[in-house]
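A short write-up of the structure that comes next.
Read-outs throughout are calculated quantities, based only on the coordinates presented, and are distinct from any laboratory measurement. Predicted model, so just to flag it, every value in this text is computed and none were measured. Backbone-built Cβ (ideal geometry, glycine too); neighbour counts: all protein chains shown.
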Amino acid sequence: MIDIQKKTKKEGIFALSLLAILMLVITLFSGCTQTNNENQGLPIVVVGRDSASGTREFFWEHVMKKGNFTTTMLEKNSNGAVHQTVSTTQGAIGYVGLGYLDEEVKAVKINGIEATVANVVAGTYPISRALNMYTNGEPTGIALEFLKYLDSTEGQAIVEDEGFVPKTSTGSYVKVDGLLGSITIVGSTTVLPIAQLAAEDFNTLYGENLVAVSGGGSSVGVQSVGEGSAIIGMASRELKSSETTSYPNLVKHIVCNDGIAIIINPENTYVEDLTLEQVQDIYDGTYTNWDELE
Amino acid sequence: MNTKKIINPLISGKKRKRNEKAIKSVFFLTAIFGIIIIFSILFFLIRETYPLPTDIWSFLSGTIWSPTESLQFGTFSLTVGTLLVTLGAMIIAIPISIGGALFISEIASSRVRSIIKPAIELLAGIPSVVYGFFGLIILTTWIKDIFGVPTGETWLAGSIILGIMAIPTITTVAEDAIKAVPREFKEGSLAMGATKWQTIQKVIIPSALSGITAAIILGIGRAVGETMAILMVCGNAAIIPTPLWNIFSPIRTLTSTLGIETAEVPVGGPHYHALFGVAVLLLMITLIINITAVYLLGTIQKRQGATSKKKKHLFSITLLIKIKKIFTSLGLLFILLLLYLITGLLITAILVIIGGLLWFMRNKISQKNLQKIAFSTLGAAILLIIVILGIILSYIIINGAGALSWEFLTEAPKRLGREGGISTPLIGTLYLVAGAIAIALPIGVGASIYLTEYTKENTLTKIIRTGADLLNGTPSIVFGLFGFAFFVLYLKFGFSLIAGQITLAFMIIPTILRTTEEALRSVPQSLREGSYAVGATRWQTIRRVVLPPAAPGIITGAILGIGRAAGETAPIMFTAVAFSSFFPTSLLEPVNALPYHLFIISTNVPGAAAKNAAGGTALVLLLLVIGFYSIAILIRNHYQKTMKW
Amino acid sequence: MTSNQIITTKNLNLWYGEKQALFDINMGIYANKITALIGPSGCGKSTLIRCFNRMNDVIDKCRITGSIYFNGNDILQTNTDAVEIRKKIGMVFQKPNPFPKTIYENVAYGSRVQGINDKKKLDDIVEKSLKKAALWDEVKDRLYESAMGLSGGQQQRLCIARSLAIEPEIILMDEPCSALDPIATAKIEDLMTELKKTYTVIIVTHNMQQAARVSDYTAYMYLGKLIEFGDTEQIFENPKQELTENYITGRFG
């Protein structure tokens, strides 16, 4: 009798043990390499945003003073991704909006000032910018009402909840009659959460879907509103000269401010406080290890 | 008179002929569609590349990519990054996949095979965002902890993820090649007293070699074109690793550059044109790879048919053997050097000793034991694949099961997806794939009917087939950029459902074409002859005799296409999607889609609630795609059973 | 009589899944003789011949009971190695199946898998085997060309040479001439008579004239059962069973 099944079973056991040996070799392997890397301080892992990001542009102008970033910088295309990497990488440093601060990352003080909403409002925290919405000409109808809603107590409460820096509100929003149709808002992913949440509440208030919001990025926002495919464009930056020439009628509307926090891993015990110059030197690659900064 | 009676059928015959011609031209149009798409992709990408903000030479050879700050547009480090990540992925994927393919086709009993094969096909069904999600959270942490490097977002992480993603492609194609080796060869060898392993080594692998090579090249093509997963795990620093073999260096590929920068780039600026230049470069690289694969697969088919040409050996046999020996020893030395540089002296020494021992024992081990060792290694390869699949699946399930509920599926997302459910992205995904399949199915099926039923093999069919193969190998992000340039900007559709549907349709046409063609070819020629013999026209034959038995195969292809379309992010990211909680009311409005929703809430929305929702979304997406794939596999298995025995 | 029986089967039964393909086969194959297995399609003759070198192992769901004694050892026991058996019992298939390698490598294949890599020895084996298979003169100038370029008859003789190279005791031939023209067939038949001097040959054939021409013993099988086995002359001229007579006289089949 030929017993194929028994054979396969035997081979299965053999295969399992081979796999186990493989695992063992890998662990040994890793043990060897690990010992090589100890007692060398903590290498800095620089994390930044992608080239098309408005946040990066702001950071480049105001922190880097338009100097080059180190080429070894890891590039992420969202605040969340920067946060994710910093929270799992001991030596990492990154920059995100204040809304992304939580217990998984630690914000360093800049020039001795803590990264908090209050300090941005007070004007002492140095890295902050305005978040904008643009309309083609002065806003009317739904757009006007929605911008009013954003400026109201209700709107600015959302701003605060999401960790952005509110403006002084214009008081409680008063519902008006006769709004018809719908508008679309397109643009910056940074402004998106505020617009999305405000739109949700605004639509609930009127019992109708008056406002639809989608992302796409600051540039898409500016272009869409300029070309007329969206009524409001969102941007986390100011207009560029090329954009003001293409679309001369755009009107800026400041939604709120955004503080940018420099974040490190909670297990990083080397620093609590950095100067803007030190941040710049980290990002241009002058410092490569945290013990140089201790 | 008699003449009239004769003329009448002739006239009706003319009419019939005209009808037949019309039908044929419709199918012909669908068939050349693939070529048209390829050329329009090339055309629109190149159109948007112009004017390139730098000269072509410095674009290709420059090593600094700083498109917004120092305005340098060198893509060389990106190209090197792409090649290195792919190289690493292949070092991981090739042995595992070919081992797996051999195990499935030659060693596994039919019961084991019926479990393993679908498992590997499921691995192909996992959406790349899900791979990225897994890689970012689990794999990079493992690499960081195990190897003690500052960050796990490295070339190694990228290669591992890409390797895993390439495994199913290579395994299935290689398995097909191995299965195509005539049974007579195998029996001939076994009858000579060769062991199973000797037969595999000396007869099966050499006979299947060009098929296996083609499988590897297709795997390379897949790896080069992957976007979403790779951009999440390999750090995206635009540098060439120093030293070049530093697998712990972060790295950036062409695709991830497109993936992270295209969405926010100002249209019409230098950065925008440079990104389209990157897309053209990427497309060129994949075209070269795919043309090589097509060519190689072509040579197999030729070789199987014709008797071999007389070939005079340029060198004597002994000289050839000598040359081979020199090359192998040089290769070995090179590998040793690489090993030394990467891992250090101690490990190299240990490995050399182990290798040497094995070499000396080689002749002492009986063929039987050698076979045991070989089979166990192959078994280990398969086991590894299953283990990987298990880890990924269990991770996604554990993370997502908590969020899953009826409300989660039926409610619209609220508060940026932190509350409410995922009804709009779920419905949006269904809208997208429904539209895509409605467009792709007629074109794909029509093209394959033309190829199998209306023409003999000639230059034109070769071109059509090559076009489909090239389309199949085109990276999904390139489809996305094309959709953006053509539908969104040129045709002024804006971000819209219809733009996404058409872009996805273009992407899945080759899948449908290929599976349909296979299904049509498996219908025996005798059936067609039988139908013609009773006076049926060609179209009647196709409709009544050929299509019914091929239907399950066609449906399988369609479902595989749906599964692929449902899981893709890159093609819709620039054409159709919005992070919204509305249902679109017209084809010109943007929609939300599951993979995009997952991508946004896992990367753009802070807070624990969002993480929880992301886990749930990943699970639903996975279940949806795997569901489609399972249905396809079930249909195919059922069909195979009923058709063959 | 059993002394010169090189293969003896005892109560051999075989199933493919649920379907029984061989029923209680008891027969003996005599050394240095040609034994022909005849019978209508599907009667189990190919299945039977494939039992002798355990070729049925390749097929999933195949189950065998009973014994086959080869030189006194039961080759169906699990502890006998199929690989060892196949070195002693060679096989030639219905369709010529040379490997897509050179003519030389095809013949040297069996020796190579047994670990013989010495070029001189191999040259010797290749030449001897090709000569025995009456192919040497036709191919000696193109040993390093692909075997796929040979004609069907040459390919089949190459396959015979290939199996002779490992010096087996028995050669199994599964309808070796069914894909060949009459001239090639005649060459192979001559070859068989020549081979009988050194080897035992078992041949499955559809062609009754062929069986009558070349074989010493003939077995007639029908529906998986061995109906009659005996001297070829006796089977063709004076069959004892009615079924055999019907088949031989062409009343059915």
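Quick look at the numbers
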read-out: Of the GluC sites (Glu not before Pro) in the range A:229-283, those whose Cβ has at most 13 other Cβ within 10 Å and which sit in DSSP loop; value: A:Glu267, A:Glu272
read-out: Only Lys, Arg (+1) and Asp, Glu (-1) charged, at Cβ; chain C dipole about Cα centre in debye; value: 480 debye
read-out: Proportion of all alpha-carbon pairs of the range A:129-259 beyond 27 Å (%); value: 11 percent
read-out: Simple spin-label estimate for B:Phe583 and C:Glu233 in nanometres, 7 Å along Cα-Cβ; value: 9.3 nm
read-out: 11 Å reach of a label modelled at A:Asp161, 7 Å along Cα-to-Cβ, counting backbone N of the range A:199-217; value: A:199-202
read-out: Per-residue [θ]222 nm for chain B (sum of -39500 (n - 2.57) over DSSP H runs n ≥ 4, rounded to 500); value: -24000 deg cm²/dmol
read-out: Compactness of chain C, expressed as Rg and Dmax over alpha-carbon positions, Å; value: 18.2, 56
read-out: 11 Å beta-carbon shell around A:Asn132, net charge (K/R +1, D/E -1); value: +1
read-out: Shielding of B:375-383 by partner chains, average beta-carbon count, 10 Å; value: 6
read-out: Charge dipole (chain B, unit charges on Cβ, about Cα centre) - positive-most of B:Pro53, B:Ala274, B:Gly298; value: B:Gly298
read-out: Estimated FRET transfer efficiency when R0 is 35 angstrom, pair B:Thr328-B:Tyr295 (beta carbons, to 0.05); value: 0.85
read-out: Viscosity 0.692 mPa s, 37 °C: Kirkwood-radius Stokes-Einstein D of chain B over Cα pairs, µm²/s; value: 122 µm²/s
read-out: Stokes-Einstein translational diffusion, the range B:66-350 - Kirkwood Rh over all Cα pairs, 0.890 mPa s, 25 °C, in µm²/s; value: 115 µm²/s
read-out: Among the listed pairs C:Lys33/C:Lys120; C:Lys87/C:Lys140; B:Lys186/B:Lys462; B:Lys372/C:Lys196, those beyond 30 Å (Cα-Cα); value: C:Lys33/C:Lys120; B:Lys186/B:Lys462; B:Lys372/C:Lys196
read-out: Between helix A:4-36 and chain A: long-axis angle, C-alpha atoms, 0 to 90°, nearest 10; value: 70 degrees
read-out: On Cα atoms only, tilt of A:192-206 relative to the major axis of chain A in degrees; value: 50 degrees
read-out: Point-to-point label distance, B:Asp55-C:Lys225, nm (Cα→Cβ direction, 7 Å offset); value: 9.3 nm
read-out: Inter-chain shielding of C:52-64 (mean C-beta neighbours from other protein chains, 10 Å cut-off); value: 3
read-out: Value of Rg/Rh across the range C:1-143 [Cα atoms, Kirkwood radius]; value: 1.02
read-out: Rg [Å, one decimal], Dmax [Å, integer] - the range B:10-137, C-alpha atoms; value: 25.2, 76
read-out: Rg in Å to one decimal, and Dmax rounded to a whole Å, for the range B:105-237 via C-alpha atoms; value: 18.6, 57
read-out: Estimated [θ] at 222 nm from DSSP helical runs (n ≥ 4, -39500 (n - 2.57)) normalised by residues in chain A, nearest 500; value: -12500 deg cm²/dmol
read-out: Between the range B:385-434 and the range B:96-160, the alpha-carbon center distance in angstrom; value: 22 Å
read-out: Chain C, relative contact order in percent, only Cα pairs under 8 angstrom and at least six apart counted; value: 27 percent
read-out: Longest to shortest principal axis, alpha-carbon extents of the range C:79-171, angstrom; value: 43, 32, 22
read-out: Estimated inter-spin distance, C:Gln77 and B:Ser114, nm [label 7 Å along Cα→Cβ]; value: 3.5 nm
read-out: Order of B:Ser109, B:Ser423 - criterion: other Cβ atoms within 10 Å of each residue's Cβ, fewest first; value: B:Ser109, B:Ser423
read-out: Debye intensity ratio in log₁₀ form over the Cα atoms of the range C:55-127, taken at each q of 0.13, 0.21, 0.26 Å⁻¹; value: -0.56, -1.05, -1.24
read-out: Fewest-first ranking of C:Met27, C:Met91, using other Cβ atoms within 10 Å as the exposure measure; value: C:Met27, C:Met91
read-out: B:Trp245/A:Glu238 FRET efficiency (R0 51 Å; Cβ-Cβ; nearest 0.05); value: 0.70
read-out: Normalised alpha carbon radius of gyration of chain A [divisor 2.2 N^0.38 Å]; value: 1.33
read-out: P(r), alpha carbons of the range B:488-645 - 10 Å bins starting at zero, rounded %; value: 10, 27, 26, 19, 12, 4, 1, 0
read-out: Estimated dipole of the protein assembly as shown in Debye, rounded to 20 [Cβ of Lys and Arg +1, of Asp and Glu -1, Cα centre]; value: 6440 debye
read-out: Residue among A:Pro126, A:Pro248, A:Pro266 with the largest mean-square fluctuation in a Gaussian network model of chain A, springs linking Cα atoms under 10 Å; value: A:Pro248
read-out: 20 Å binning of all Cα-Cα separations within the protein assembly as shown, expressed as whole percents from 0 upward; value: 10, 34, 31, 17, 7, 1, 0
read-out: Simple Cβ-charge dipole of the range A:129-259, Lys/Arg +1 and Asp/Glu -1, about Cα centre, in debye nearest 20; value: 380 debye
read-out: Sorted by Cβ density within 10 Å, fewest first, the residues A:His83, C:His206; value: C:His206, A:His83
